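The values are calculated or read from the model by the stated rules, or taken from the named source; none is laboratory data. If you're wondering where the values come from, they're calculated on a predicted model, not measured in any experiment. Note that we place each Cβ from the backbone using ideal geometry, even for glycine, and neighbour counts take in every protein chain shown. These accessible areas exclude ligands, DNA and RNA; they are computed on the full protein's heavy atoms, side chains included. Shrake-Rupley method; radii C 1.70, N 1.55, O 1.52, S 1.80 Å.
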Amino acid sequence: MSCHTAVVLAAGEGTRLRPLTHNRPKPMLPAANRPILEYVLDALVETGIEELVLVVGYERDRVQNHVGPTYRGRPVTYVHQEKQLGTGHALLQARDLVEGPLVVVNGDTLIDPTIVEDVLDRFEASERATLAVLDGPDPTDYGAVLLEDGTVTDLVEKPDAGEYRYINAGVYAFEPSIFEVIEGTPREDGELALTDTLARLIDDRSVSGVETDGTWVDATYPWDLLELAREVLANGRIEPPESREQVWIDASASVHDAATIQPPSVVGPDCEIGAGAVVGPNVALGRNVTVGANATLATTVLDNDARVGPGSTLIDAVVGQAVSLGPNTVVTGGPGDVRVGTEIFEDEPLGALLADRVEAEGNVSFAPGTLVGPNAHLATGVSVDSSVTEGAEVRR
């Protein structure tokens with residue numbers, strides 16, 4: 001294989017996934033019970049990539065401390081994008097670390113090895129810059145691509161509905177000359193986008209496109225994290241061994257004999273599930289999660305070190321790291337209206353999103369679509385029916 005190095009763009013913040021990204025970058029958000037970034041790195045390693053270069057920026061320590069100097073035996077080198085000035089600018093930071101052809105992927109979108117393999121095969125056959133395209137996701141939400149006999153003829157950012165079939169999957173293979181082309185690309189509003197560089201190559205009919213049917217899931221909004229977990233569980237891309245059909249329980253987890261785990265679900269390392277608890281379907285528990293007796297969880301993601309008190313009910317919930325929920329906490333499930341920045345999205349499938357280190361005392365209830373910022377404290381008996389800001393104290 002001609003490509004031995006991959007550059008992973010992992011500097012982004014993910015503002016539309018706040019408040020969960022207040023303290024960590026989007027690549028470190030959970031896809032089921034592991035960070036999105038791990039699946040991306042797995043896809044690269046499993047296609048034979050030998051060197052990994054990670055471009056980090058926002059909350060970069062969270063990435064570097066988690067991944068470390070090696071990943072599955074491959075050396076990992078980090079470069080810092082100090083300011084978020086576009087994907088082209090991010091890739092340019094890795095220039096001095098790349099000698100030959102390279103793979104470029106986004107670190108915040110779930111992919112599998114099939115997509116990388118398809119891109120590498122086409123790259124070697126065509127000897128041109130190559131990008132992966134997908135038929136399925138709505139092109140109005142992503143960059144749309146026009147193909148003509150395997151050659152990319154147009155790339156349009158968020159086009160009008162109904163005009164295009166393919167989207168840009170954000171997986172590329174380039175010769176090292178791509179860095180010179182990026183340097184010569186004019187900036188737009190101070191940013192240097194990789195897609196602008198690609199547009200210049202497309203004008204010269206110098207870009208191949210390969211249609212792929214590999215797994216690709218992007219989490220843009222809070223409720224997308226539930227879909228991300230569903231996709232991982234459906235495809236069985238789970239780290240602990242499968243204990244029975246579509247149920248994965250780590251060997252170090254403790255599950256009471258009177259608890260019920262409904263498929264598909266994953267229970268991570270050092271978890272504890274109490275008597276009478278019902279977990280699943282579509283539930284992912286990270287590391288060191290506690291689920292109290294007689295609690296009920298469905299379509300829910302609990303990140304590392306989360307605690308759910310006895311008698312609680314969580315449906316369509318995304319729960320961050322080190323969250324503590326007292327007895328009889330209730331998230332009734334979606335649909336709900338969710339405020340993302342200044343925009344309100346109606347009837348989205350989200351019960352609630354609780355960011356890292358939220359503490360809710362007993363008998364707290366959450367209305368559908370609620371977002372709670374990190375370090376918020378909710379007193380006993382509170383009913384939350386709107387967004388709660390970071391560090392807020394909420395009492396009856």
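Within the chain, DSSP assigns beta bridges of which about 30% are antiparallel (rounded to the nearest 5). Positive-end ranking of 367, 64, 40 along the dipole of the chain, with charges on Cβ about the Cα centre, is headed by 367.
Would you work out what percent of the accessible area of the chain, with all protein chains in place, is carbon or sulfur (probe 1.4 Å)? Solvent-exposed carbon and sulfur of the chain make up 41 percent of the total. Taking Cα centre as origin and charging only the Cβ of basic (Lys, Arg, +1) and acidic (Asp, Glu, -1) residues, the dipole magnitude of the chain rounds to 1400 debye.
Each Lys and Arg Cβ is given +1 and each Asp and Glu Cβ -1; about its Cα centre, region 1-79 then shows a dipole of about 320 debye.
Only one residue of 358, 167, 137 has its Cα farthest out toward the positive end of the dipole of the chain, where Lys and Arg carry +1 and Asp and Glu -1 on Cβ, and that residue is 358.
Placing +1 on the Cβ of every Lys and Arg and -1 on the Cβ of every Asp and Glu, with nothing else charged, gives region 137-237 a dipole about its Cα centre of roughly 340 debye.
Here region 138-274 was treated as a single set of alpha-carbon atoms; its pair distances binned every 5 Å from 0 give 2, 8, 13, 14, 14, 10, 9, 8, 8, 7, 5, 2, 0, 0 percent. Fully extending the segment from residue 346 to residue 70 would add 95.1 nm, taking 0.36 nm per residue of separation and subtracting the current Cα-Cα distance.
A simple spin-label model places the labels of residue 213 and residue 127 3.1 nm from each other, with each point 7 Å out along Cα-to-Cβ.
Gain on full extension, evaluated as 0.36 nm per residue between residue 2 and residue 270 minus their Cα-Cα distance, stands at 92.3 nm. As I understand it, the dipole of the chain uses +1 on the Cβ of Lys and Arg and -1 on the Cβ of Asp and Glu, about the Cα centre. Which of 190, 221, 289 lies farthest toward its positive end? Sorting the options by dipole projection puts first 289.
Hydrodynamic analysis of the chain uses the Kirkwood radius over alpha carbon pairs. Inserted into Stokes-Einstein at 37 °C and 0.692 mPa s, it gives a translational diffusion coefficient of 151 µm²/s. The angle separating the long axis of helix 113-126 from the principal Cα axis of greatest extent in the chain is about 0 degrees.
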